[in-house]
Each structure stands twice: as structure tokens, then as C-alpha cells.
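Let me give you the structure first, and then I'll get to my questions.
The values are calculated or read from the model by the stated rules, or taken from the named source; none is laboratory data. Computed from a prediction, not measured in an experiment: that's the story for all the values here. We place every Cβ from the backbone using ideal geometry, glycine too, and count neighbours over all the protein chains shown.
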Amino acid sequence: MDLNNLRIGLLLGFWQLKRANAWTTFLIVFVMTLTFLNLVVVSGILIGLVQGSSDSYQRQYSGDILVDKNPFTKYISKGNDILSAAKDSKEIEAASARYLEGAVVQSDFTKNIKANEVTPQAAATIAGIEPVDEDRVTGLSKLVVAGKYFDRSEFNSAVIGSGLLAEYNPNAILGETLKNVVPGSKVRISVNGGYIDLKIKGIVKSKVGDVNRRIYIDRDYFTQLYGRSINNPNEIAIKISPGVRPESVKLLLQAAAQENALVQTARESQGSFLKDIEATFSLLGGVIGGIAIMVSSITIFIVIFINALTRKKYIGILKAIGIKNSVIAASYLAQALFYSVAGISVGLMLLYGSIKPYFDANPINFPFSDGILAVTATGVAWRVIILVGATVAAGILPILFIVRKNTLNLILGRE
Amino acid sequence: MIEAKNITKIVKSGGADLKILNDVNLTVGDGEFTAIIGRSGAGKSTLLYVLSLLDANFEGEVFVAGNKISQLPDQERVEYRLQNLGFIFQEYALLPELTATENVALPFLMRGLGKKQAFQNAKEALAQVGLEKKTENLPATLSGGEQQRVAIARAIAGKPKILFADEPTANLDSVRACEIMAIFLRLNRGGQTIILITHEDELAQMTHRIVEMNDGKIISDKQIENPRVNLCAKHKIS
Ligand SMILES: Nc1ncnc2c1ncn2[C@@H]1O[C@H](COP(=O)(O)OP(=O)(O)OP(=O)(O)O)[C@@H](O)[C@H]1O
Ligand SMILES: [Mg+2]
């Protein structure tokens with residue numbers, strides 16, 4: 001098809017659009033906008049659910065890199081080597097070693113227990129942390145929803161995860177949660193066959209299970225209670241400096257840890273579970289998006305087809321006065337292109353002007369994550385290309401079908 | 001010169017074959033103004049569609065200036081019409097979304113002219129049919145006579161070898177009809193070959209030649225010694 005034909009086709013399409021019924025045009029563009037948003041937002045939310053959970057896991061728990069104990073060992077060996085390597089590296093902003101022990105926790109233990117009552121208790125992980133380091137890596141202090149975070153090294157005080165508290169988990173069954181724990185209450189934890197009472201200083205709330213079901217105490221207090229060496233943490237969360245690639249820091253830490261620990265990026269440490277969900281959700285998003293594309297293609301097809309059917313006579317006249325099929329096809333192509341580009345443009349404005357900012361400011365509250373809207377520039381670009389392609393194909397098909405018909409039959413309305 | 005040889009067209013109607021053109025032979029010389037008359041259903045329109053390449057399903061041959069143009073493939077017929085033939089339908093046949101100028105400019109654009117030149121030529125063609133004040137009107141805002149004049153401007157704009165008109169005045173009152181006839185007469189004086197179908201004897205009398213059809217056949221073919229061009233003289237458009 002030569003350039004002149006294309007030019008005339010575009011001009012003809014433009015004239016027709018310019019004088020088309022404004023409401024019809026508005027409706028078609030509106031449908032295209034909805035389709036585009038359906039394509040981007042639905043899969044964006046689905047993936048965002050998982051990504052939101054993966055993001056908070058990294059932000060609130062693992063840091064950019066998580067140094068873990070090796071499988072089948074109790075602790076990291078030579079933790080000090082790793083910590084001093086982290087301290088020396090400019091690529092690492094902060095590191096927080098955590099020391100963990102399992103314990104049974106009780107609340108309300110001072111109350112007189114009647115014969116048919118049991119003391120509320122729950123299984124929890126006691127985490128010994130250096131409060132300032134931990135805060136620098138995960139911002140634990142910002143997760144405090146009641147009471148306060150540690151000021152400095154404080155013995156006998158604890159910050160407790162809200163996952164252990166009945167007031168925050170109305171649906172939890174007895175035996176999983178503690179009752180009546182507020183800042184200032186005491187909880188009793190089992191230690192080495194005996195017990196010790198801790199004063200609750202604050203309550204932290206997180207959607208990351210590992211953060212939410214721990215009881216945090218000071219590291220030095222912890223090592224004293226359990227007789228653990230400072231050289232044997234269970235995990236070290238690392239926050240890297242801005243702009244640094246996690247892979248290079250991983251290598252550096254691996255060199256320091258040697259066989260004494262397992263060094264993993266945040267993503268690696270999440271294991272396959274989240275990745276599997278993410279894959280499933282993006283497949284689901286793809287299916288829903290595919291249906292959206294089909295629906296919009298059919299819509300455009302029907303709109304253009306009916307438009308062309310009612311205009312058969314004029315298509316015939318165009319042929320009668322010497323207008324080539326390719327020009328007529330191009331004029332409809334221009335219209336289909338306009339509908340999709342206009343619809344997508346409005347969609348893009350809504351997406352980046354209001355929908356994305358809205359979700360960023362108000363993440364969807366899911367039990368396991370704060371659902372963000374996961375949209376990437378490339379993802380959006382692909383969807384734009386696919387949608388434009390599909391509508392153009394759907395728009396041009398009925399015309400190719402009609403324009404082939406006999407000129408006279410078109411004009412006289414035969415067939 | 002256009003020459004139709006042994007044109008026969010058979011259509012199926014209610015299961016039976018119907019010969020709506022029956023071995024028609026017709027030659028129209030350059031510069032001739034020919035009227036085709038006949039009863040409704042005689043086959044006038046059918047013949048005009050064959051001559052103007054709008055119809056391709058017939059037996060026989062059509063020559064223009066010695067070139068056989070029947071049996072060309074669809075897109076070549078479209079191109080041939082663009083370059084050589086003009087056609088005026090009874091029902092104006094304008095594109096409703098295009099202004100008068102745009103309607104007339106379209107064939108110019110197709111011939112490769114730039115938009116500016118095409119629009120200028122279109123406006124000149126519209127001026128020729130007395131519509132210089134209505135160039136920006138959409139068809140719906142024009143009267144029937146004005147719409148038909150736009151259609152004429154579009155048909156003649158490319159200086160076609162032959163101009164076909166199928167009852168172009170059927171929907172118009174006699175004053176408008178005369179305006180249209182005056183345009184045809186002026187074009188013909190300038191050498192334009194015209195083949196016109198009409199019901200009205202008065203209009204036919206203004207041409208050089210009257211071909212009468214009946215039942216798919218030409219039943220008479222008369223030269224007019226003194227075309228009565230003055231019948232419409234008072235409506236002449238300069
Ligand atoms: N495709 C077709 N199928 C069946 N019959 C047809 C077809 N085309 C034309 N006819 C018939 O052929 C005859 C001639 O039609 P045509 O339109 O040429 O008549 P006409 O002389 O132009 O009449 P009018 O003055 O009413 O316009 C009519 O009886 C018409 O019904
Ligand atoms: Mg007719």
C-alpha cells in the first residue's frame with residue numbers, strides 16, 4: 001500500500017471521526033479505557049498482593065540480605081567475623097544479629113485460676129536483638145502500635161509481636177494467643193526448665209509472620225538468660241547502601257562467612273512459596289487480561305462492523321468514485337487506532353494520575369500483605385501494544401470483509 | 001468513444017433466468033450528449049452500470065477509446081473509474097460526514113494531488129456549479145438540488161472521458177432540474193461526452209440523441225437535428 005493511499009485513508013478516517021456522534025465516540029473510548037485498566041489494574045493488584053508481602057518481608061524482616069544458619073545446625077558459627085566484615089564494608093549500611101530460642105509464654109499468670117480455667121499461653125520465639133542495629137535494618141521501632149520501643153539496653157523488658165495477642169487476633173483459637181497484654185503487663189516465659197517474668201514495653205504489629213510472633217528482648221540480656229555466645233547468632237539481617245547490587249554484597253559476606261553460615265538475598269531467602277504464588281497470580285492476571293482483551297476486541301469488532309454495515313452504501317460510493325480498497329481500509333484503521341489510543345491515553349492518565357497514587361497511599365489491607373498496585377513501565381508498555389494490536393486487528397477485519405464486495409451491490413444494498 | 005458490444009445480462013429471479021439486458025449494442029461518440037429513455041424496468045440503469053464498470057457480471061464487451069475495459073479486476077476498475085469516468089446517481093450519493101469541498105476533493109486526492117491543491121480544485125469545481133457559497137456545508141445542510149450539484153462537481157472535477165448520469169433530476173422540481181440540465185449543456189458545449197438517463201421527455205429533447213429501451217433491448221435510436229436547448233435557457237447557470 002503506497003503512502004498516498006495511507007495519507008488519504010487517514011484523512012478520510014479523521015473526517016469521519018471529527019463528525020461522528022460525540023456520544024458514540026465517548027462510549028467506545030470509555031470501553032477502551034475500562035479494558036485497558038482491567039488489563040493493568042487487575043493483574044497489578046493480584047501480583048501486588050504477593051509483591052506487597054514480599055516487600056514487607058524484605059523491609060521488616062530479612063533486610064536486603066539474610067545471613068542464616070546452615071541447615072541442620074543450631075546457630076551461625078563465627079558470627080563476629082561476619083558482623084565485623086559488615087561493619088567494614090561501605091556497601092553495607094547496617095547489620096542486625098538476632099539470637100533466637102523457642103519458649104512457652106503465659107499471660108494473666110498472677111490471677112487466681114479457677115478449677116475450670118487455664119492460664120492463657122502460647123508458643124513464641126524469643127529474639128535477642130541489639131535494639132539500635134535492629135531498628136536501623138528493619139525499622140522495628142516504627143512498627144510499634146502501643147507502648148514504646150527499647151530506649152537503650154534494657155533488661156527484663158520486652159517488645160511483643162501482636163500476633164501473640166488475642167486482642168489483635170480475634171479469630172485465633174485458645175492456646176495460640178495471650179490475653180490482656182498491654183504495655184506495662186507482665187508475661188512469663190519458660191527458660192531452661194524454669195521461668196522468668198518480662199515487662200511488656202511495647203507491641204509491634206507486622207504482616208510478616210516471623211516479625212509478628214516474636215518477643216524481642218535485649219541481646220545482652222538474652223545471652224545471659226540462655227547462656228548463648230554472642231558469636232553464635234541465628235540470623236543476621238543486612239541492609240545494603242543505596243545503589244549497591246545485593247549480589248556483590250552477597251559475595252562479600254559469603255567470603256566472610258565461609259561454611260559457617262548461609263548467605264542469601266532477600267528474594268532467595270523467601271523460598272519458593274511466594275514465588276509460586278506470584279507465578280500463579282500472574283498467570284491468573286494473564287488469563288483475566290486475556291479475557292479483557294478478547295472482550296474489547298469483540299466490542300471494537302462489533303462497533304466497527306455495525307458501523308461499516310450501516311455504511312455499506314457509502315463504501316460502495318467511495319469505490320464508485322475511484323477510491324481504492326486500501327484507502328477505505330486505512331480510513332477505518334485510523335478510526336480503530338484512534339479509539340484504542342484515546343482509550344489507552346485516558347487509561348494511562350487515570351492509572352498514573354489517580355489509581356496508582358491512591359493504592360500507594362492506601363494499600364489494600366490483606367491478612368498477609370499490604371496489597372500494592374504492581375505496575376511496571378515495561379508491563380504497561382506490553383499491554384498497550386497488545387491492546388492496540390488487538391483493536392486494530394478487530395477493527396480492520398470487518399472492513400476487509402465488506403470492502404471486497406461488489407461495488408454496485410454495496411451501493412444498491414443488494415445481498 | 002465508448003462502445004458496448006453484445007451486452008447480455010441474465011439474473012436469477014424466483015428460480016427462473018431473467019434476461020434484463022438482451023444483446024445490447026451501443027456506440028457513443030466523443031462529445032455526444034445522449035439520452036436513454038424508456039419505461040421503468042426497461043434496463044436503463046442496468047445498462048449504465050455495465051458501461052460505467054460499476055457492474056462486472058454480464059456477457060459482452062465494453063471498449064473506451066478502443067481499449068477493452070470490461071473484465072478488468074475489481075481494483076483496476078476502481079482505478080479506471082477514477083481516471084476516466086464520472087458517475088452521477090439519482091440519490092446524490094454524497095458522503096454525509098464530508099463537507100461539499102471534501103466530497104469533491106476526494107477524487108483529486110486519489111489522483112495524487114496535495115491537500116491544498118485538491119481543495120482548491122474542488123472549490124473551483126463547486127463554483128462551476130454555482131455553489132461557491134456552500135463549500136463548507138455538510139450534505140445534510142444542503143437542498144436536494146444543491147446536493148446533486150455537489151455530486152456533479154465531484155463527477156466532472158477530474159474531467160472524465162465520459163460522464164454518466166442516472167436520472168439525476170428525478171428527485172428535483174422542474175426549476176432545479178433545469179439548473180442541472182443547464183450545467184450538463186454547458187459541459188457538453190465544452191466537449192464533454194454525456195450519457196444521461198431520464199424519464200422526462202422535455203429533458204431528453206435537449207440532447208443530441210435519444211436511445212429508447214424496452215425489455216432489456218434498444219428499441220429506437222434517434223438523432224435530434226435541433227436540440228431544444230432553449231427549453232431551460234432561463235435557468236442557465238453562467
Ligand atoms: N440483480 C438483479 N436481480 C434481479 N432483477 C434485477 C436485478 N437488477 C435489475 N433487475 C431487474 O431488471 C429490470 C431492469 O432494471 P433497471 O434498474 O435497469 O430498470 P430501469 O430501466 O433503470 O428502471 P427505472 O426507470 O425504474 O430506474 C428490472 O425489472 C429489475 O427489477
Ligand atoms: Mg433506473
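So, of the residues in the stretch A:122-179 that are out of contact with any Gly (no Cβ under 7 Å at 6 or more places or on another chain), on the phi < 0 side of the Ramachandran plot and of a type in the set (S, T, N, Q), which turns out to be surrounded by the most Cβ atoms within 10 Å (Cβ to Cβ)?
A:Thr177
Still on this model: Scanning the stretch B:104-137 for residues that are among the small types (Gly, Ala, Ser) and in contact with a helix residue (DSSP H, G or I) (Cβ under 8 Å, 6 or more places away or on another chain), which turns out farthest from A:Asp2 (Cα to Cα)?
Of all residues in the stretch B:104-137, those among the small types (Gly, Ala, Ser) come to B:105, B:112, B:114, B:118, B:122, B:125, B:127, B:130.
When the remaining residues are screened for being in contact with a helix residue (DSSP H, G or I) (Cβ under 8 Å, 6 or more places away or on another chain), the result is B:105, B:112, B:118, B:122, B:125, B:130.
Working: B:Ala105: 19, B:Gly112: 11, B:Ala118: 18, B:Ala122: 23, B:Ala125: 27, B:Gly130: 35 Å.
Within the stretch B:104-137, the match that is farthest from A:Asp2 (Cα to Cα) is B:Gly130.
Another one. Assuming A:Ile76 fulfils every condition listed in (1) outside any strand (DSSP E or B); (2) in the same structural domain as A:Arg213 (by TED's automatic domain parsing); (3) surrounded by fewer than 24 Cβ atoms within 10 Å (Cβ to Cβ) apart from one, which condition is it?
Just one mismatch for A:Ile76, condition (3).
One line per residue, one yes/no per condition, for (1) under 25 Å from B:Ala165 (Cα atoms); (2) touching a Pro at 6+ places or on another chain (Cβ under 9 Å):
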{"site": "A:Ile321", "(1), (2)": "yes, yes"}
{"site": "A:Leu350", "(1), (2)": "no, no"}
{"site": "A:Ile399", "(1), (2)": "no, no"}
{"site": "A:Thr407", "(1), (2)": "yes, no"}
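Just wondering, is there one or more residues in the stretch A:302-323 that are away from every other protein chain (no Cβ under 13 Å) and among the hydroxyl-bearing types (Ser, Thr, Tyr)?
Taking every residue of the stretch A:302-323 in turn, none turns out to be away from every other protein chain (no Cβ under 13 Å) and among the hydroxyl-bearing types (Ser, Thr, Tyr).
Being touching a Lys or Arg at 6+ places or on another chain (Cβ under 6 Å) and either modelled with pLDDT of 90 or more or within 14 Å of chain B (Cβ to nearest Cβ) (or both) is true for just one of A:Leu373, A:Leu410, A:Leu350. Which residue is that? Reasoning before the result, please.
Numbers: A:Leu373 fails: either modelled with pLDDT of 90 or more or within 14 Å of chain B (Cβ to nearest Cβ) (or both); A:Leu350 fails: touching a Lys or Arg at 6+ places or on another chain (Cβ under 6 Å).
One residue alone meets the criteria, A:Leu410.
Sticking with this structure for a sec: Hey, among the residues in the stretch B:34-54 that are within 9 Å of ligand 1 (Cβ to nearest atom) and in a loop (DSSP other than H, G, I, E, B), which one's surrounded by the fewest Cβ atoms within 10 Å (Cβ to Cβ)?
If we take residues in the stretch B:34-54 being within 9 Å of ligand 1 (Cβ to nearest atom) and in a loop (DSSP other than H, G, I, E, B), then B:Ser40 is surrounded by the fewest Cβ atoms within 10 Å (Cβ to Cβ).
Here's another thing I want to ask about it. State the number of residues belonging to the stretch B:11-24 that are in contact (Cβ under 8 Å) with a residue 24 or more places away in the chain and either more than 16 Å from ligand 2 (Cβ to nearest atom) or farther than 15 Å from B:Met213 by Cβ (or both).
Kept after step one, since they are in contact (Cβ under 8 Å) with a residue 24 or more places away in the chain, are these residues of the stretch B:11-24: B:19-24.
With the extra rule that they be either more than 16 Å from ligand 2 (Cβ to nearest atom) or farther than 15 Å from B:Met213 by Cβ (or both), the set shrinks to B:19, B:22-23.
So the count comes out to 3.
Taking the condition of being touching a strand residue (DSSP E or B) at 6+ places or on another chain (Cβ under 8 Å) and among the polar types (S, T, N, Q), how many residues in the stretch A:322-375 meet it?
Total meeting the criteria: 1.
Yes/no matrix, rows are residues, columns are (1) touching a Cys at 6+ places or on another chain (Cβ under 7 Å); (2) within 16 Å of ligand 1 (Cβ to nearest atom):
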| residue | (1), (2) |
| --- | --- |
| B:Met181 | yes, no |
| B:Asp201 | no, yes |
| B:Gly216 | no, yes |
| B:Gln223 | no, no |
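Residues in the stretch B:32-46: is at least one among the charged types (D, E, K, R) and within 16 Å of ligand 2 (Cβ to nearest atom)? Before you say what the answer is, go through the steps one by one.
Taking the stretch B:32-46 and keeping what is among the charged types (D, E, K, R), we get B:32, B:39, B:44.
Checking the rest, the ones that are also within 16 Å of ligand 2 (Cβ to nearest atom) come to B:39, B:44.
Yes: the stretch B:32-46 contains one or more residues that are among the charged types (D, E, K, R) and within 16 Å of ligand 2 (Cβ to nearest atom).
For B:Ala100, only one of the following conditions fails: (1) within 16 Å of ligand 2 (Cβ to nearest atom); (2) surrounded by 23 or more Cβ atoms within 10 Å (Cβ to Cβ). What is its number?
Of (1) within 16 Å of ligand 2 (Cβ to nearest atom); (2) surrounded by 23 or more Cβ atoms within 10 Å (Cβ to Cβ), only one is false for B:Ala100: (1).
B:Ala165: within 21 Å of B:Leu95 (Cβ to Cβ) and within 16 Å of ligand 2 (Cβ to nearest atom), yes or no?
On the way: within 21 Å of B:Leu95 (Cβ to Cβ): yes; within 16 Å of ligand 2 (Cβ to nearest atom): yes.
When the stated conditions are applied, B:Ala165 passes them.
Restricting attention to the stretch B:138-158, does a residue exist that is closer than 27 Å to B:Thr46 by Cβ and outside any helix (DSSP H, G or I)?
There is at least one residue in the stretch B:138-158 that is closer than 27 Å to B:Thr46 by Cβ and outside any helix (DSSP H, G or I).
Given the conditions (1) away from ligand 1 (no atom under 16 Å from the Cβ); (2) charged (D, E, K, R); (3) at positive phi, and given that B:Arg77 satisfies all but one, which numbered condition is not satisfied?
Unmet condition: (3).
Take the stretch B:160-171 and flag every residue that is in a loop (DSSP other than H, G, I, E, B) and either within 16 Å of ligand 1 (Cβ to nearest atom) or without any contact (Cβ under 8 Å) to a residue 12 or more places away in the chain (or both). Walk me through it before giving the result.
Looking only at the stretch B:160-171, we keep the residues that are in a loop (DSSP other than H, G, I, E, B), and these are B:160-161, B:167-171.
The answer is B:Glu167, B:Pro168, B:Thr169, B:Ala170, B:Asn171.
Moving to a separate point now. Checking the conditions here, which among A:Val327, A:Val388 is away from chain B (no Cβ under 14 Å) and of a type outside the set (D, E, K, R)?
Within the list A:Val327, A:Val388, the selection yields A:Val388.
Please give the number of the condition B:Ile195 fails out of (1) buried (at least 21 other Cβ atoms within 10 Å of the Cβ); (2) more than 16 Å from ligand 2 (Cβ to nearest atom).
(2)
Can you tell which of B:Ile224, B:Ile156 is more than 29 Å from B:Asn103 (Cα to Cα), among the aliphatic types (A, V, I, L, M) and more than 16 Å from ligand 2 (Cβ to nearest atom)? Before you say what the answer is, go through the steps one by one.
Working: B:Ile156 fails: more than 29 Å from B:Asn103 (Cα to Cα).
Exactly one of B:Ile224, B:Ile156 is more than 29 Å from B:Asn103 (Cα to Cα), among the aliphatic types (A, V, I, L, M) and more than 16 Å from ligand 2 (Cβ to nearest atom), namely B:Ile224.
Also, I was wondering about something else. Hey, could you check the stretch B:59-79 for residues that are within 11 Å of chain A (Cβ to nearest Cβ) and over 18 Å from the mean Cα position of the chain (by Cα) and say which is nearest to B:Lys9 (Cα to Cα)? Break it down into steps so the answer makes sense when it comes.
Residues of the stretch B:59-79 within 11 Å of chain A (Cβ to nearest Cβ): B:74-79.
Adding the requirement that they be over 18 Å from the mean Cα position of the chain (by Cα) leaves B:74-76.
On the way: B:Asp74: 18, B:Gln75: 22, B:Glu76: 22 Å.
Result: B:Asp74.
Here's the yes/no breakdown for (1) away from every other protein chain (no Cβ under 14 Å); (2) touching a Ser or Thr at 6+ places or on another chain (Cβ under 6 Å); (3) over 29 Å from B:Thr207 (Cβ atoms); (4) surrounded by fewer than 24 Cβ atoms within 10 Å (Cβ to Cβ):
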{"position": "B:Gln90", "(1), (2), (3), (4)": "no, no, no, yes"}
{"position": "B:Gly112", "(1), (2), (3), (4)": "no, no, yes, yes"}
{"position": "B:Ala118", "(1), (2), (3), (4)": "no, no, yes, no"}
{"position": "B:Glu136", "(1), (2), (3), (4)": "no, yes, yes, yes"}
{"position": "B:Arg149", "(1), (2), (3), (4)": "yes, no, no, no"}
{"position": "B:Ile162", "(1), (2), (3), (4)": "no, yes, no, yes"}
{"position": "B:Pro168", "(1), (2), (3), (4)": "yes, no, no, no"}
{"position": "B:Asn171", "(1), (2), (3), (4)": "yes, no, no, yes"}
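Here's another thing I want to ask about it. Could you list, in sequence order, all residues of the stretch A:300-331 that are within 25 Å of A:Asn38 (Cα to Cα) and in contact (Cβ under 8 Å) with a residue 60 or more places away in the chain?
A:Ile300, A:Phe301, A:Val303, A:Ile304, A:Phe305
Another question, then. Just the residues that are farther than 30 Å from B:Glu136 by Cβ, in a helix (DSSP H, G or I) and free of Cβ contacts under 8 Å to residues at least 24 places away in the same chain, please, taken from the stretch B:62-95.
From the stretch B:62-95, those farther than 30 Å from B:Glu136 by Cβ are B:62-77, B:80; that's our starting set.
Within this subset, residues satisfying the condition of being in a helix (DSSP H, G or I) are B:74-77, B:80.
Within the stretch B:62-95, B:Asp74, B:Gln75, B:Glu76 qualify.
Starting from residues that are near ligand 1 (Cβ under 10 Å from one of its atoms) and of a type outside the set (A, V, I, L, M), keep the ones in the stretch B:7-33 and report whichever is surrounded by the most Cβ atoms within 10 Å (Cβ to Cβ).
The initial filter retains those residues of the stretch B:7-33 that are near ligand 1 (Cβ under 10 Å from one of its atoms), namely B:9-14, B:18-21.
With of a type outside the set (A, V, I, L, M) added as a condition, the list becomes B:9, B:12-14, B:19.
Details: B:Lys9: 21, B:Lys12: 8, B:Ser13: 9, B:Gly14: 5, B:Lys19: 14.
Only one residue tops the list, namely B:Lys9.
Got a sec? Which helices (runs of 4 or more DSSP H) wholly within the stretch A:309-415 have at least 3 residues that are touching a helix residue (DSSP H, G or I) at 6+ places or on another chain (Cβ under 7 Å) and more than 30 Å from B:Ile152 (Cα to Cα)? Break it down into steps so the answer makes sense when it comes.
Values: elements: A:312-320, A:325-350, A:356-361, A:377-403, A:407-412.
It comes to A:325-350, A:377-403.
Right, next: Determine which member of the set A:Ala279, A:Ala334, A:Ala308, A:Ala292 is out of contact with any Pro (no Cβ under 8 Å at 6 or more places or on another chain) and within 18 Å of A:Leu12 (Cβ to Cβ). Can you show your working first?
Details: A:Ala279 fails: within 18 Å of A:Leu12 (Cβ to Cβ); A:Ala308 fails: out of contact with any Pro (no Cβ under 8 Å at 6 or more places or on another chain); A:Ala292 fails: within 18 Å of A:Leu12 (Cβ to Cβ).
Every option except A:Ala334 fails the conditions.
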